[in-house]
1. How many percent of all Cα-Cα pairs in segment 2-169 sit more than 28 Å apart?
2. Counting residues in segment 60-113 as N, plug N into 2.2 N^0.38 Å and put the Cα Rg over that result.
3. How big is the Kirkwood radius of segment 100-141, worked out from every pair of different alpha carbons and given in Å to one decimal?
4. Hey, fewest Cβ within 10 Å first, where do 146, 5 land in order?
5. ³J(HN,Hα) across segment 78-89 via Karplus (A = 6.51, B = -1.76, C = 1.60, θ = phi - 60°), whole Hz, x for Gly/Pro?
6. What does the charge count around residue 130 come to, taking other residues whose C-beta lies under 10 Å from its C-beta (Lys +1, Arg +1, Asp -1, Glu -1)?
7. Rounded if a/c is under 1.5, else prolate if a/b is larger than b/c, else oblate: which is segment 1-90, with a ≥ b ≥ c the root eigenvalues of its Cα gyration tensor?
Amino acid sequence: MNFKIYTDGSCLGNPGAGGWAAVIVDEKNHREEIFGGEDYTTNNRMELTAAINALKKISAGDCAELFTDSSYLKNAFTAGWLANWKRTNWKGNTVKNQDLWLELDELISTRAVNFNWVKGHAGDFFNERCDKLARSTAEKFQRKEIPTPKKIISPPRFKPAKNSSKPVQLSLFD
């Protein structure tokens, strides 16, 4: 199956309260929005977490066009940064977010993913939607409106609604 995936991360303070979001659109234009966050994190961790959780929603063997406003995320794959980090044994463990890069690399190894950069805050509908979801989640963590656990993650698999083109939206407390 083919998907378009849009991702974004947000952090209020860096480090600080963070949120991530992804919009996943399948071949039939069914859309699923997922989001979550952490009470103390960094923007780059949220960018990577958005991609990880989106890719977990699609099956191994699926194809995806992933759109991100994070050059950090895109360039790791398109400019060969990740391959170089692995080849140099993570430069003596100085690469930040190695745990997330390893998880993302594992997901990418079983899915055909093309990374695309989209300019943030420039009117792209799905990028703007991800930004809104990620930021609002970070704000809820900042205001301490989200109870334990300190991490929120959406359910495990993309399942488009049958005979419906309406978007599927998850709340933080589903």
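Every read-out reported here was derived from the displayed coordinates using simple, explicitly stated rules and does not represent laboratory data. What you see is a predicted model; the values in this text were computed from it and never measured. No Cβ is skipped: glycine too gets one built from the backbone with ideal geometry, and neighbour counts run over all protein chains shown.
1. Details: 2681 of 14028 pairs.
When every Cα pair of segment 2-169 is considered, 19 percent fall beyond 28 Å.
2. Numbers: Rg = 11.6 Å, N = 54, 2.2 N^0.38 = 10.0 Å.
In units of the 2.2 N^0.38 Å rule of thumb, it is 1.15.
3. Working: mean 1/r = 0.0797 Å⁻¹.
When all Cα pairs of segment 100-141 are included, the Kirkwood radius is 12.6 Å.
4. Details: 146 21, 5 26.
The most exposed by this proxy come first: 146, 5.
5. 7, 9, x, 4, 4, 4, 5, 4, 5, 5, 9, 6
6. Details: positive: 129, 132, 135; negative: 8, 33, 69, 124, 128, 131.
Around residue 130, the charge tally is -3.
7. Values: a/c = 2.27, a/b = 1.15, b/c = 1.98.
Oblate, since a/c reaches 1.5 and b/c is not below a/b.
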